[in-house]
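The values are calculated or read from the model by the stated rules, or taken from the named source; none is laboratory data. For clarity, every value in this text was computed on a predicted model and none was experimentally measured. Glycine also receives a Cβ, built like all others from the backbone with ideal geometry; neighbour counts cover every protein chain displayed. Note: areas computed on protein heavy atoms with side chains; ligands, DNA, RNA excluded. Shrake-Rupley method; radii C 1.70, N 1.55, O 1.52, S 1.80 Å.
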Amino acid sequence: MKIFLVIFLFISACAFAAEGDIGVGAMLGNPTGLSGKYWLGEAKAVDAGVGFSLGSATNLTLHSDFLLHSIGALVMNDSHPLDVYCGLGGRIKFADDIQIGLRVPVGVAYMAPNNSSDMFAEIAPVIDFISRTGIDLNILIGARYYFR
């Protein structure tokens with residue numbers, strides 16, 4: 001039941017954000033779940049995710065990051081620019097104890113020509129420092145639809 005409440009709150013928060021600046025979608029990998037992104041300007045954004053980590057134990061994870069984009073940094077076939085981004089944020093993992101860590105995402109994103117959707121691939125080292133210390137790795141692919 002708690003899981004559905006978290007998912008409902010995540011989707012509700014996205015729905016009340018400024019029109020045209022918010023994207024909601026899915027992410028696959030570690031974790032797998034829902035992804036949201038709120039654009040603060042042309043090259044700055046905040047993302048968030050709620051999902052389940054994969055592996056021997058299935059744990060709920062929440063993360064959020066501040067991202068800086070280099071718009072159109074990579075170009076494929078002279079017509080499909082990819083944004084490169086990096087950022088800094090945090091992650092909470094609900095395992096036996098609540099684990100809190102620093103997250104450093106780096107990725108690429110493709111924005112559809114009409115800015116209605118995007119696809120992304122991301123790798124994010126996580127340095128846990130509360131409840132346990134250690135390094136974890138999030139590897140994600142995903143897509144989001146933007147409400148305009």
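Observations
- Remark: accessible surface ordering of ILE100, ILE71, ILE135 (largest first) is ILE135, ILE71, ILE100, probe radius 1.4 Å.
- More than 15 angstrom apart: percent of Cα pairs within segment 50-148: 66 percent
- Residues of segment 82-118 with amide N under 13 Å of the 7 Å Cα→Cβ point at ILE135: 104
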